[in-house]
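Written out below as structure tokens is the structure these notes cover.
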């Protein structure tokens, strides 16, 4: 799974696309059959190419519009691709299709009856023929240059800044050529004649032969040197063969509206559509790849979620086990203290150990609460305090001595660091208070005050400042040090009031437990 | 026996700080102050100029004992004994990277503490 994910990282995907101007090479198997089909169709038409065909001038704008649309879209897609890959062959190819689009527009404007009925829109009778020669020969030259560059050094890239400048220059150059061609076409009757009485002159055929040769060279370079390594140029070969067949049929037709001339228009449409179809095919292929990638990622995320859930479950199990063992070890400590205590004869020593056992119980009770907590980090202090007080009361036999303990605790959630000192504080206060012989009622409460702080209060009705008939412990006794020290540790404040009973209130900032 | 300036105990757990204080007093040494956070420890060093610092690693607040030790050493050279409950390699490496003092692991025995303290102040 890790390997699958790694192979689908965005940087890898970009690199894979950027590594070649042709992308994946699985579409190369269509190239040879398509070329063969075009050649066979052309060979079939050649014997009848000189025969007169239907004279339908209105078909010219129809054909040219189709070619223009396909080549404009192809040019846009090639420039978009060039924006990512930034190689010189791709820039030349995109420029070639932009050039073709611009010169086709000139051809459309100069062709008789294409825009206006029975006459040309711009120029004279030779304008369309010269626009056609400039278009086909220029396109053939640009595609040959692109093929040669791809063959010699197709992987060299421009910087983004160079690519931006080169794109601007390509647009300016093409626009300039189109304008100049239109201007020349407008006065083309001063140029040598290319069409006379509907037939092509020898000069026209020579210029067409130059264009055909250039196209042939481009096709040869691609098929002999590039086809196996670059799918884009393989499909370009199909397009160039289509154009070659079209130019050949047009030349062999010898005149407008012959079978060859009409067949050439159809072949041009096919030629122009090939590259566009290549991009449609690329789009569909990438859509499928995206769907596959998404599925792989979703599977990976699902598996990762399962792994994380299992990790969290195991962590929780481990933490519960740790809390459980800490609690058990504290019970062992408690048992050892109890064992030692039973050996002692001295009452004060046994009482001291009983107090120690209460403190150890408080620590164990915190871990017991955490063990059964949902999040293993916090728990409600209410049941904790109740059980703590019950234990202290039982250890000191308060019920037998007629002392009633009332616990009133709000269900405030606390964490380990807060609960341990609070448990020890409550144990200490309750032990001290309960030991006072005069007290018959002890009230333990834990509430939130108006300021948002917790208040731990232990109050009794024990009367004066005595304990077991003796004065209360002096300042600095261990019990008092524990109370003061733990209160300070929790950054709290302790108020003690002695008035017909002892009332101790400890104000404590509640911990931030992210609840 | 008591070094000039006394000993500063830094630990966020009151009961542990109190135990360390009791052990030091049993050795006949003076504890000049105790602190629960790194900032408090630095303030106590400025105020009392102790001869030795016992430093817990986990302290109250954002900074830990290693941070506090770094700040203290920048103020004045004072021997520091680290006392930590964590045996994580990362923690020990952080201590050893910046300080030469010994590292003791909780629970600390009396004889261990006495040996290191006497070595530090002698």
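The values are calculated or read from the model by the stated rules, or taken from the named source; none is laboratory data. Computed from a predicted structure; not experimentally measured. When we count neighbours, we look across all protein chains shown, and the Cβ atoms used for this are built from the backbone with ideal geometry, even at glycine.
Can you work out which of the residues in the stretch B:38-57 that are within 14 Å of chain A (Cβ to nearest Cβ) and under 25 Å from residue A:478 (Cβ atoms) is surrounded by the most Cβ atoms within 10 Å (Cβ to Cβ)? Across the stretch B:38-57, the extreme among qualifying residues is B:56. For residue A:456, the test of being at pLDDT 85 or above, crowded, with 20+ Cβ neighbours inside 10 Å and in a helix (DSSP H, G or I) is failed.
In the stretch A:483-512, the residue that is nearest to the other protein chains (Cβ to nearest Cβ) out of those that are touching a residue at least 24 places away in the same chain (Cβ under 8 Å) and exposed (fewer than 14 other Cβ atoms within 10 Å of the Cβ) is A:498.
Evaluating residue A:213 against the criteria (1) within 12 Å of residue A:137 (Cβ to Cβ); (2) touching a residue at least 40 places away in the same chain (Cβ under 8 Å) leaves one unmet condition, (2). Among the residues of the stretch A:199-228, those that are in a loop (DSSP other than H, G, I, E, B) and surrounded by 14 or more Cβ atoms within 10 Å (Cβ to Cβ) comprise A:201, A:227. If you take the residues in the stretch A:403-423 that are within 24 Å of residue A:441 (Cα to Cα) and assigned to a loop (DSSP other than H, G, I, E, B), which one is farthest from the chain's Cα centre (by Cα)? That would be A:403.
Selection of the stretch B:1-11 for residues being surrounded by fewer than 19 Cβ atoms within 10 Å (Cβ to Cβ) and either in contact with a helix residue (DSSP H, G or I) (Cβ under 7 Å, 6 or more places away or on another chain) or within 14 Å of chain A (Cβ to nearest Cβ) (or both) yields B:3, B:5, B:6.
Applying the set (1) buried (at least 21 other Cβ atoms within 10 Å of the Cβ); (2) within 14 Å of chain A (Cβ to nearest Cβ) to residue B:33 leaves exactly one unmet item: (1). In the set (1) touching a strand residue (DSSP E or B) at 6+ places or on another chain (Cβ under 9 Å); (2) surrounded by 12 or more Cβ atoms within 10 Å (Cβ to Cβ); (3) at pLDDT 80 or above, residue A:462 fails one condition alone, (3). Taken as a whole, the condition of being buried (at least 16 other Cβ atoms within 10 Å of the Cβ) and either over 52 Å from the mean Cα position of the chain (by Cα) or within 22 Å of residue A:417 (Cβ to Cβ) (or both) does not apply to residue A:349. Of all residues in the stretch B:76-94, none are buried (at least 21 other Cβ atoms within 10 Å of the Cβ) and within 14 Å of chain A (Cβ to nearest Cβ).
If you go through the stretch A:365-409 and keep only what is in contact (Cβ under 8 Å) with a residue 60 or more places away in the chain and surrounded by fewer than 20 Cβ atoms within 10 Å (Cβ to Cβ), you end up with A:376, A:377, A:382.
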